[in-house]
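Below: one structure, written as structure tokens.
The values are calculated or read from the model by the stated rules, or taken from the named source; none is laboratory data. Just so it is clear, the model here is predicted, and its values are computed rather than measured. Neighbour counts are summed over all protein chains in view; Cβ atoms, including those assigned to glycine, are modelled from backbone coordinates with ideal geometry.
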Amino acid sequence: MRVVGLINAGLALGLFLAVPALAQDNEIEDIRSAIEELRADYEARIADLERRLAVAEQNSTQAVYAAQQAQSMPPQTADSGNSAFNPAIGVVFQGFLTGYDGEAQEGEGFAVGETELIMSANVDDKFAAYLTAALAYEDGESELEVEEAWVETTALPAGFSARFGRMFSGIGYLNEKHSHTWDFADQALPYEAFLDGRYVDNGLQLRWLAPTDLYMEIGGEIMQGEDDPSGLGASSVFTNVGGDVGASNSWLAGATYLDLDATTSLSMAHFVWKWAPQGNWRERNFVFQTEYIERRATSTDTGWYAQAVYQPIQRWRFGARADGLDLDGDDPRRYTVMMDWSNSEFSRLRLQFARSESAIDDGNAWGLQYIHSIGAHGAHTF
């Protein structure tokens, strides 16, 4: 029995001594495994850094080579073909097929409208130039007229810009727009009656754009005028204020005073509201605009128009306009609807119907208009 007891005691002592040894061996294996994992991780990182270093060195070599090639080439100037100084040239074609059922049968049938030749370019880093020549056909004869020919500064400080030459005046809202950008085939009645379609003259224009979140512009002009020996017979001041309402709406309001000569002056006011979902005007948009003009001469006459144009889907637009005059002895009114389709930004077809009412004549007019352009042309603003 004593022998058995000794044997059991020996086994217990052996197990007591073996357990720490086994635990120590397991800990050593864990440490070795951790070291191997760290070594593999660092080796992968080092390989990745070496790969990135090789790519960076290759890119650096290519950049140095490109810089050396660029330095070996002569600098580009206006004479060496830099596209920034090459004139952008475009041509706009217009035509009409019209009919009228009133008493005054005038201007019916097919007619070729203004054909505009447009050229624009940067003169250098401080000036840009613009030229528009219009070829019109009247009474079977063609006439070539320089509509605009001006030079504009591009680097004046503090938000100022200056334009000098022959130009469409900055008065009102529609005056600066060329006929191919109109929303209707004809100009609004107050512009036709008081400004012969638009006010264009030779002179100097100065504008200032305020450095504010709210869009604010103030401008003034000194123009040649008509029948003035001094050559400075007309002047104007105008202002525009506008802003955004959320991501889909914007507005613009403005006022103008135009002194044409010693006996004639005009006051003008306009308001425009535009909508496009999230600013994406190419898909859908809506524009409402209105203007009021008062002319003071031997008598005081007024005119106005209000119009709305809606584009429900791409390419198609629908519009309605009402315009009128309040003259001495006559208050003509006109109501117009139109529908146009644009195959691209270079072509547009428009169908228009108008009802005119005046003391002289009442009648209906319809017309089909085409507008096509080739070459470079300015962006169509929404």
Answer yes or no: is there a residue in region 221-236 that is within 25 Å of THR290 (Cα to Cα) and among the polar types (S, T, N, Q). yes
Is it fair to say GLY279 is under 30 Å from ALA158 (Cα atoms), at pLDDT below 95 and touching an Asp or Glu at 6+ places or on another chain (Cβ under 7 Å)? no
Can you tell me how many residues in region 286-305 are touching a Lys or Arg at 6+ places or on another chain (Cβ under 7 Å) and of a type outside the set (Phe, Trp, Tyr)? 2
Exactly one of ARG315, ARG295 is over 18 Å from the mean Cα position of the chain (by Cα) and either exposed (fewer than 13 other Cβ atoms within 10 Å of the Cβ) or of a type in the set (Lys, Arg) (or both), and that one is ARG295
Just wondering, is there one or more residues in region 203-215 that are in the same structural domain as ALA306 (by TED's automatic domain parsing), over 18 Å from the mean Cα position of the chain (by Cα) and closer than 26 Å to ASP301 by Cβ? yes
Tell me yes or no: at least one residue of region 179-197 is part of a strand (DSSP E or B), touching a residue at least 12 places away in the same chain (Cβ under 8 Å) and assigned by TED's automatic domain parsing to the domain that holds ARG333. no
Mind checking which residues of region 175-188 are of a type in the set (A, V, I, L, M, F, W, C) and in contact with an Asp or Glu (Cβ under 7 Å, 6 or more places away or on another chain)? ALA188
Filter result (of a type in the set (Phe, Trp, Tyr) and either touching an Asp or Glu at 6+ places or on another chain (Cβ under 7 Å) or closer than 18 Å to GLN307 by Cα (or both)) within region 189-207: TYR191
If I ask for residues that are free of Cβ contacts under 8 Å to residues at least 12 places away in the same chain and hydroxyl-bearing (Ser, Thr, Tyr), which ones from region 249-283 would you list? none
With respect to the numbered conditions (1) surrounded by 15 or more Cβ atoms within 10 Å (Cβ to Cβ); (2) farther than 30 Å from TYR335 by Cβ, which one is the sole condition not fulfilled by LEU156? (1)
